[in-house]
Amino acid sequence: MRKPYILYRRQAGKKAKPKKELPFYVAFWDEKRREYRDRRCTNQTNEYYARQQAEKWLKEGVPSFSQETFYDYLGRFWKNEGEYVRICALRGRKLSAAYLVSMQTAIDRHVLPYLKESKGERLFIGQVTPALLEDLVLHLADSSGLSAGRINGIRQAVSVPLAEAERLGKIPHNPISSVLRLKEEKSPREIFSLQEARLFFSLEWEDDRHRLINMLAASTGMRMGECRGLQRSDVVLKNGDSEILVRHNWQDGEGLKAPKWNSVRSVPVPEKVAKALLELTEANPWRNDFVFYGYDRERPITKLEVSKAFNEAVHRIGIPEAERRRRKLTFHSWRHWYVSYLRGSVEDHALQQLTRHRTEGMLDRYSHVTAEQRRAVRQLSDSVFSK
């Protein structure tokens, strides 16, 4: 009589692995067809545990896994019309267009070509092994010239679809759970010194939009999308109390939406900045609600324009392009600068409320910023813009 099942190992991917690192597969005897069928990866490299898994399937029944190929599944997963994107939206977790493009690009440029090259186009989802995914990571590290951070991002583009397949019962186990992320060597981001910041804002600007959008970011810690999405009604100036209501965020491809992580907040701003922003709206040729109007009635100033003007200003204050890149000075540096400059003068819990960084929950119990703290922020920010 035939054994009810057999265990075996097989090589997956291009590069040979030590035998002890390969997972065991199981195939069950089909008496009617007189052959071993229903082949499944146990995702176990230890024979004892692989046999336990086989015995469990033999007793409870071999699960009916998806017969969709891994190649096709990944190719459609991140599409706007895909099931995952739609179900996230229905549950109040709308995925940004930029995130979806990033994930789809990772799949199209790196994962699908690898599956073609390694003859993995016809693998079913349930046949994907940790060995195959580990080989993908090694392939990217050895031949693509990508950074560890980018490879980890590609891993994420694969991990989420596999986790969803496991959740829906399409596969018994997520094989990427045993494929660890690469170690990322991140060089520290530097920020402007106080003297450099003052030099930056003492420059003459051909277009006042560029001067003011940098002043806004430096005095509030707002993200670029939040600055670009600023509406006239978001600038509040009354009874000597000036503030910005951060409640809009412009994302290319999506338009005007709520701030990142829905971090709606009120941030104190120097009175001179608030007045200048309101004056800028009077120069808006489109007479729409954007403070930082663009060359199109429907859109604000472009991200490319803002970044280009920032880089040129950095060069004008004596920081060469190579040094700017080394120090990682970008428009987003104002957010880092704002936090670093105010820290020590304003309590951390108040600063967190102003920037709405997603930090540890120990500060979540603080829900307001006092009037004294708001005045301190205005005064500290104002000192930077004094010539």
Check on residue 280, under 26 Å from the mean Cα position of the chain (by Cα), in the same structural domain as residue 339 (by TED's automatic domain parsing) and either assigned to a helix (DSSP H, G or I) or not aromatic (Phe, Trp, Tyr) (or both): no
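Take the stretch 273-303 and flag every residue that is basic (Lys, Arg) and surrounded by fewer than 16 Cβ atoms within 10 Å (Cβ to Cβ). Steps first, please.
Kept after step one, since they are basic (Lys, Arg), are these residues of the stretch 273-303: 275, 287, 297, 299, 303.
275, 287, 297, 303, listed by residue number.
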Scan of the stretch 40-87 for residues that are charged (D, E, K, R), touching a residue at least 60 places away in the same chain (Cβ under 8 Å) and closer than 17 Å to residue 130 by Cβ, ordered by number: 40
Those residues of the stretch 133-163 which are hydrophobic (A, V, I, L, M, F, W, C) and in contact with an Asp or Glu (Cβ under 7 Å, 6 or more places away or on another chain) amount to 148
Going through (1) under 23 Å from residue 120 (Cβ atoms); (2) assigned by TED's automatic domain parsing to the domain that holds residue 120; (3) touching a residue at least 24 places away in the same chain (Cβ under 8 Å) one by one, residue 97 fails only at (1)
Residues that are modelled with pLDDT under 90 and of a type in the set (Asp, Glu), drawn from the stretch 31-54: 31, 35, 38
Among the strands (runs of 3 or more DSSP E) lying completely within the stretch 1-120, list those that include at least 1 residues that are buried (at least 17 other Cβ atoms within 10 Å of the Cβ) and basic (Lys, Arg). 5-9, 35-41
Output for the stretch 256-277, where each listed residue is of a type in the set (A, V, I, L, M, F, W, C) and either part of a strand (DSSP E or B) or under 24 Å from residue 208 (Cα atoms) (or both): 256, 267, 269, 273, 274, 276, 277
Does any residue of the stretch 241-249 turn out to be touching a Cys at 6+ places or on another chain (Cβ under 8 Å) and under 30 Å from residue 150 (Cβ atoms)? no
Residue within the stretch 20-30 that is modelled with pLDDT under 90, over 26 Å from residue 151 (Cα atoms) and of a type in the set (A, V, I, L, M) present: yes
If we keep just the residues of the stretch 132-151 that are surrounded by 19 or more Cβ atoms within 10 Å (Cβ to Cβ) and either modelled with pLDDT under 90 or under 21 Å from the mean Cα position of the chain (by Cα) (or both), which is nearest to residue 178 (Cα to Cα)? 137
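The values are calculated or read from the model by the stated rules, or taken from the named source; none is laboratory data. Note that this is a predicted model, so its numbers are computed, not measured. Here Cβ is always computed from backbone atoms with ideal geometry, including for glycine, and neighbour counts include all displayed protein chains.
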